[in-house]
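Visitor: Mind looking over this structure? Questions follow.
The values are calculated or read from the model by the stated rules, or taken from the named source; none is laboratory data. Bear in mind that the values here come from a model prediction, so they are computed numbers and not experimental data. Using ideal geometry, Cβ is built from the backbone for each residue, glycine included, and neighbour counts are taken over all protein chains shown.
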Amino acid sequence: MADFSNALNEDQVQLQSWVHDFAEHVMRPAAHEWDEREETPWPIIEEAAKVGLYSLDFVANMFADPTGISVPLVLEEVAWGDAGLGLAIFGTTLGVAGIFASGTPEQIGEWLPQCFGAPDKIALAAFCVTEPDAGSDVGSMRTRAVYDEASDEWVLNGTKTWITNGGIADVHVVVASVDPELNSRGHASFIVPPGTKGLSQGQKFKKMGIRASHTAEVVLNDVRIPGRLLLGGKDKLDERLARSRQGGTGQRGQAALATFERTRPGVAAQAVGIARAAYEYALDYAKERRQFGRAIIENQAIAFKLADMRMLVDAARLLVWNASWRGASGPGFVAAEGSQSKLFAGETAVKVTDDAIQILGGAGYVRDHPVERWHRDAKIFTIFEGTSEIQRLVIARAVSGVHIQ
């Protein structure tokens, strides 16, 4: 009998049901309010912490699933509830992933708990990579980290932009250049602890979608941090830089890329959640809405659109699960499967939410129904953590073996 199966195990079924219950009863009723307010939804994060959804233990168990499927299961359900609230709850995991990808065991043990805090005193983390002149082109990063040997401190200067939890986070993980001549191979990651002088929030962005998630600039002005807060330690950094100067690539590779490789299928799962929400809502509406004496779903133009929507959602989920399994315990990525999942799911979310608006007609264009919010939320999934164009570039390079520009 074949071993292959897409069936969820008992633990995964229970996990999915538990998170869906939170998404349905806590997140959905509050989604419209926080989208309108465009503020960090502290009460929702606190509720998530109270039930154990926002905690290091939960995130660690989620990522420890050897099948890799628990991560997309959780993130799809949370985004089904609301993508903005979901990112407010799980945006901290970007900083966590940055520490986990580059940190020593001691750094991981010390700082991961501080990224979450406690239910009665919540903490947040942020991962700071993107800059005004260095988005997808991380090799153009201008934020500098200079080592002060006399005091065993690193001095950070620069500006980061589009940062989730930027400026309001307790723990900021900052990627900076320590050797500009090496471009992306000269990058390293640093922990900036709570209350560090010189770190401030710049502009807070008012966004088209995911408005409940805080996005802002992070300004670093002579930020001094102890040498021990260089993730991975100075000895390993010096060894890696030496290999790079001699023409090697180093073992860890570029700091930002290491984090994005870990998080890309999870981002894709959120896009699937948005698309699924829109499909389900449009399906219910089409069954109830009557025109010319019959439900509009009885018209092929509507029914065929819904058929395509369901097909795209299911196909996107399968790509996400495949990438998640490959990254966790499978054979690894051979054809940029993580990028495939992000690309397809992001573009699926945009199309399916657009189709949902079309099915609802004028009702879909107003805020009385959530599909217009889902459409606004969906668009970012073709932009952040690598645009659709960058994903196609990554995939093309992986399948061809050619360094395509």
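Visitor: For A378, state whether it is over 23 Å from V129 (Cα atoms) and assigned to a helix (DSSP H, G or I).
Guide: no
Visitor: Return a yes/no flag: does segment 358-371 have any residue that is modelled with pLDDT of 95 or more, within 15 Å of E76 (Cα to Cα) and not assigned by TED's automatic domain parsing to the domain that holds S70.
Guide: Within segment 358-371 (the criterion being modelled with pLDDT of 95 or more, within 15 Å of E76 (Cα to Cα) and not assigned by TED's automatic domain parsing to the domain that holds S70), the answer is no, since none of the residues qualifies.
Visitor: I would also like to ask the following. Filter segment 42-68 down to the residues that are surrounded by fewer than 17 Cβ atoms within 10 Å (Cβ to Cβ) and of a type in the set (G, A, S), then identify the one that is farthest from V78 (Cα to Cα).
Guide: In this case the residue turns out to be A64.
Visitor: Further question: Select from segment 346-363 the residues that are surrounded by fewer than 24 Cβ atoms within 10 Å (Cβ to Cβ) and not aliphatic (A, V, I, L, M) and write down the one among them that is nearest to V272 (Cα to Cα).
Guide: E347
Residue-by-condition table, conditions (1) in the same structural domain as I380 (by TED's automatic domain parsing); (2) modelled with pLDDT of 75 or more:
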position	(1), (2)
L241	no, yes
E261	yes, no
P265	yes, yes
A268	yes, yes
A275	yes, yes
E288	yes, yes
F292	yes, yes
Q300	yes, yes
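Visitor: Run R144 past the list (1) in contact (Cβ under 8 Å) with a residue 60 or more places away in the chain; (2) under 16 Å from L230 (Cα atoms); (3) of a type in the set (K, R) and report the number of the one that doesn't hold.
Guide: In the conditions (1) in contact (Cβ under 8 Å) with a residue 60 or more places away in the chain; (2) under 16 Å from L230 (Cα atoms); (3) of a type in the set (K, R), R144 misses (1) alone.
Visitor: Hey, another quick one. Filter segment 304-340 down to residues that are in a loop (DSSP other than H, G, I, E, B) and more than 18 Å from the chain's Cα centre (by Cα) and give me whichever is surrounded by the most Cβ atoms within 10 Å (Cβ to Cβ).
Guide: If we take residues in segment 304-340 being in a loop (DSSP other than H, G, I, E, B) and more than 18 Å from the chain's Cα centre (by Cα), then F333 is surrounded by the most Cβ atoms within 10 Å (Cβ to Cβ).
Visitor: Quickly run through segment 187-221 and pick out the residues that are part of a strand (DSSP E or B), of a type outside the set (G, A, S), surrounded by fewer than 18 Cβ atoms within 10 Å (Cβ to Cβ) and in contact with a strand residue (DSSP E or B) (Cβ under 6 Å, 6 or more places away or on another chain).
Guide: Once the filter is applied, which keeps residues that are part of a strand (DSSP E or B), of a type outside the set (G, A, S), surrounded by fewer than 18 Cβ atoms within 10 Å (Cβ to Cβ) and in contact with a strand residue (DSSP E or B) (Cβ under 6 Å, 6 or more places away or on another chain), segment 187-221 yields Q201, Q203, K204.
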